[in-house]
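Okay, so here's the structure we're looking at.
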Amino acid sequence: MLSLAGCNDPDGARDALDGAGYRDIQIVDRPNWFISNCGEKDTYATHFKALGPTGATVDGVVCSTGGWSKGSTIRITGVHRPEHWPTAPQSGARP
């Protein structure tokens, strides 16, 4: 069961997100205790909401092993774009 990334690491997640340019970071409760959105070797799954480097508000999870080996991985699980958010038609971006 520990392989389900059942723990969280708020300080480590904040450090990773801050270093990657995220702002207004809020650590939030996991939406579903059976799904962590992390790999089987991750010990920590810390869910967050933040203002991303592009200016969009995002939901996501920081996955990590607690600093023992691989560091942290930031996974975005949702993007909340304002209605006036520009899209780039040539890129195939969804509106």
Inside segment 39-59, the number of residues satisfying the requirement of being without any contact (Cβ under 8 Å) to a residue 40 or more places away in the chain and assigned to a strand (DSSP E or B) is 10
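Within segment 60-93, count every residue that is at pLDDT 75 or above, outside any loop (DSSP other than H, G, I, E, B) and open to solvent by less than 90 Å² (accessible area, probe 1.4 Å). Break it down into steps so the answer makes sense when it comes.
Kept after step one, since they are at pLDDT 75 or above, are these residues of segment 60-93: 60-65, 71-81.
When the remaining residues are screened for being outside any loop (DSSP other than H, G, I, E, B), the result is 60-64, 72-80.
Among the residues that remain, those that are also open to solvent by less than 90 Å² (accessible area, probe 1.4 Å) are: 60-64, 72-74, 76-80.
Residues that pass the stated criteria total 13.
So how many residues does segment 13-28 have that are part of a helix (DSSP H, G or I) and out of contact with any strand residue (DSSP E or B) (no Cβ under 6 Å at 6 or more places or on another chain)? Full working, then the answer.
In the first step, residues of segment 13-28 are kept if they are part of a helix (DSSP H, G or I); the result is 13-19.
Imposing the further condition that a residue be out of contact with any strand residue (DSSP E or B) (no Cβ under 6 Å at 6 or more places or on another chain) reduces the set to 15, 18-19.
Matching residues across segment 13-28 total 3.
The values are calculated or read from the model by the stated rules, or taken from the named source; none is laboratory data. Since the structure is predicted, the reported quantities are computational estimates derived from the model, not experimental observations. When we count neighbours, we look across all protein chains shown, and the Cβ atoms used for this are built from the backbone with ideal geometry, even at glycine. Quick note on the areas: whole protein, heavy atoms, side chains included, nothing else; ligands and nucleic acids left out. Shrake-Rupley method; radii C 1.70, N 1.55, O 1.52, S 1.80 Å.
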